[in-house]
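Worksheet: one structure, shown below.
The values are calculated or read from the model by the stated rules, or taken from the named source; none is laboratory data. Being a predicted model, the structure only gives us computed values, none of them experimental. Here the Cβ positions follow ideal geometry from the backbone for every residue, glycine too, while neighbour counts run over all protein chains shown.
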Amino acid sequence: MTEEQYKEALLKHVEDFGWQRDGVGNLKGEAEIDIPSGYRFTGPEGTRKLMEVYGNPPTDREYGLIAPENLDWIVVFEFDESGYVKDDEKDSIDAPKLLESMRENQELGNRYRAEQGLDELTITGWAQEPLYNEETHNLEWALTLRNSGGGETVNFNTRLLGRKGVMEVVLVCNPDELGSILPTYQKLIDGYRYTEGNGYAEYQKGDKVAKYGLAALMVGGGAAIAAKTGLFAGLFKVLAKGGKAVYLGIAALFAGIIKGFKRLFGNGGE
């Protein structure tokens with residue numbers, strides 16, 4: 001089978017994952033996102049199924065996924081109900097120090113990936129250094145990664161701060177396509193909003209406050225602080241082992257996507 005044939009097979013395989021192609025995508029009542037023409041959205045169950053297709057361990061943290069019809073890139077939403085994150089660190093984010101911490105955690109995370117038969121991953125650097133928008137209360141950064149098979153990908157991370165926690169949003173795409181995709185992605189995120197009562201500006205005295213700030217949010221956030229085990233190898237999450245947060249990296253979904261197709265559909269038809 002050719003690359004195009006494998007991709008056609010994938011699209012056919014995932015068609016029954018509960019896609020919505022217009023209106024508003026419901027992110028488990030916490031937030032919602034507009035679904036433009038030419039895009040597809042699926043909720044928690046469909047998101048978990050698609051991530052498993054791409055060779056990622058399942059998790060119960062996904063709230064939804066939106067992507068263009070051809071699934072050439074994807075945007076995944078997960079909510080961390082850790083409380084209101086204060087942004088008083090916005091002017092003191094140390095990008096080099098953060099990158100060093102991420103690389104150390106990724107090395108530990110690779111032990112888990114090896115146990116699961118997944119490719120090891122290397123963080124090769126920033127595709128975009130951390131940037132905080134004081135008006136929208138969004139934190140953004142992007143990392144480039146390479147898997148042990150030589151495939152490369154980019155994780156563009158957005159953290160949308162809310163009253164009760166943080167919506168973790170990750171754009172996954174090929175590195176050489178980030179520049180062309182980013183304006184489209186940013187326009188897509190403009191269609192995101194917290195539901196009434198859940199926005200950052202709706203914080204009230206007495207609400208739960210997160211035990212971490214913006215810097216800790218980038219290296220694990222609430223999962224690291226609370227020593228949770230949210231295992232999602234497809235999108236940067238934290239595995240806490242022995243009290244130490246361990247970064248898990250992207251499985252280089254699109255750089256090595258044909259390998260995944262072959263695992264799904266076999267080598268027949270070549």
Check off (1) of a type in the set (Lys, Arg); (2) at pLDDT below 90; (3) farther than 28 Å from ASP34 by Cα for LYS205 and give me the number that stays unchecked. (2)
Within the stretch 182-197, can one find any residue that is surrounded by fewer than 18 Cβ atoms within 10 Å (Cβ to Cβ), in contact with an Asp or Glu (Cβ under 7 Å, 6 or more places away or on another chain) and of a type in the set (Gly, Ala, Ser)? yes
Those residues of the stretch 130-189 which are in a strand (DSSP E or B), in contact (Cβ under 8 Å) with a residue 60 or more places away in the chain and among the aliphatic types (A, V, I, L, M), in sequence order: LEU139, LEU143, LEU145, LEU160, LEU161, VAL166, MET167, VAL169, VAL170, LEU171, VAL172
The listed residue being in contact with a Phe, Trp or Tyr (Cβ under 8 Å, 6 or more places away or on another chain), modelled with pLDDT under 90 and of a type outside the set (Lys, Arg), out of ASN155, ASN138: ASN155
Any idea which of LYS7, LYS97 is touching a residue at least 60 places away in the same chain (Cβ under 8 Å), more than 30 Å from TYR203 (Cα to Cα) and basic (Lys, Arg)? LYS7
Qualifying position, being touching a Gly at 6+ places or on another chain (Cβ under 9 Å) and under 29 Å from MET218 (Cα atoms), among GLY25, GLY18: GLY25
